[in-house]
Every structure is written in C-alpha cells, then in structure tokens.
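**Student:** The following block contains the structure, expressed as structure tokens.
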Amino acid sequence: CGAIGSICQSAEGQDQARRVGAVEALVAAMHGHTGNEDLQLYACSAIDSICQRAEGPDRAGRAGAVEALVVAMRGHTGNEDLQKHACGAIGSIIMSKCGGPRPGRTRG
C-alpha cells in the first residue's frame with residue numbers, strides 16, 4: 001500500500017494506479033487487514049490521492065472504498081493522518097455522486 005501511495009504522488013502515477021486496478025487492490029487489502037494501522041493509513045492516503053483525479057472518485061466508489069475507509073476510521077480513531085486522508089477520499093466520492101465540484105475540474 002505504501003508503494004502505491006508513493007506512485008500516486010504525481011498525476012501520471014494516479015492515472016496509472018487507477019488504470020491497473022489499484023483501488024480495488026487497496027480496498028481488498030484494507031478488508032483483509034483491518035487491524036494493521038500502517039496498512040490502513042497508506043491505503044487511505046493512496047485512495048485519497050487517486051480520488052484527486054477526475055475518474056478516481058467514481059472508481060473508488062464502485063470498488064467499495066467508502067465502507068473500507070469508514071472501517072479504517074472507526075478502527076484507528078487516534079491516527080490523525082488516517083482520519084484526514086479517509087475524510088478527503090470520502091468527500092471526493094460523495095461529491096462525485098452528488099454532482100458537486102469534482103477533482104480535476106473547475107467550476108463555471
């Protein structure tokens with residue numbers, strides 16, 4: 001999860017991660033290792049990064065990321081970084097479903 005998070009630091013890396021199914025792999029890892037705080041943090045960070053691109057929130061929503069992010073937040077309430085990344089990703093997913101401003105696009 002940390003490697004995917006590192007790749008997702010650039011727009012090109014975010015696009016590549018999305019194309020190869022990284023969100024689905026991250027969600028599966030999160031479900032399989034709910035007690036591993038480091039894995040949960042890196043996965044939340046990577047999903048948050050992927051959600052910054054125009055198609056990322058839709059892909060994350062379809063992959064079941066919201067549920068995995070909420071489980072991570074509930075299981076690791078003391079980790080501020082995890083909470084920040086999970087909230088950012090959930091916000092992007094919700095905004096994409098509600099027709100609000102989407103990452104990679106401007107209002108107008």
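The values are calculated or read from the model by the stated rules, or taken from the named source; none is laboratory data. Keep in mind that what you see is a predicted model, and the values were worked out from it rather than measured. With ideal geometry, Cβ positions are generated from the backbone for all residues, glycine too; neighbour counts draw on all protein chains shown. Each accessible area value is taken on the protein alone, full model and side chains, heavy atoms only, with ligands, DNA and RNA left out. Shrake-Rupley method; radii C 1.70, N 1.55, O 1.52, S 1.80 Å.
**Student:** Just to confirm my numbers, what's the Cα centroid distance between region 11-32 and region 56-102 in Å?
**Tutor:** 14
**Student:** Going by a ≥ b ≥ c, the root eigenvalues of the Cα gyration tensor, does the chain fall in the rounded group (a/c under 1.5), the prolate group (a/b larger than b/c) or the oblate group?
**Tutor:** Since a/c reaches 1.5 and a/b is larger than b/c, the shape of the chain is classed as prolate.
**Student:** Going highest first, how would you order 39-45, 53-59 by mean Cβ packing within 10 Å?
**Tutor:** The peptides rank, most packed first, as 39-45, 53-59.
**Student:** Per residue, how large is the accessible surface of the chain? Use a 1.4 angstrom probe and give square angstrom.
**Tutor:** On a per-residue basis, 53 Å².
**Student:** Still on this structure: So, in nm, how far is label GLN16 from label ALA28 when the simple model puts each one 7 Å beyond its Cα toward the Cβ?
**Tutor:** About 2.1 nm, to one decimal.
**Student:** Given points 7 Å out from each Cα along the Cα-Cβ axis, report the ASP58 to ASP38 separation in nanometres with one decimal.
**Tutor:** 3.6
**Student:** Rank HIS33, HIS76, HIS85 by mean-square fluctuation in a GNM of the chain with C-alpha springs under 10 angstrom and give only the top-ranked residue.
**Tutor:** HIS33
**Student:** Given only helices, namely DSSP H runs of n ≥ 4 each adding -39500 (n - 2.57), what is the per-residue ellipticity at 222 nm of the chain, to the nearest 500 deg cm²/dmol?
**Tutor:** -21500 deg cm²/dmol
**Student:** Suppose a student asked you for the relative contact order of the chain, using Cα pairs under 8 Å spaced at least 6 residues apart; what percent would you report?
**Tutor:** 28
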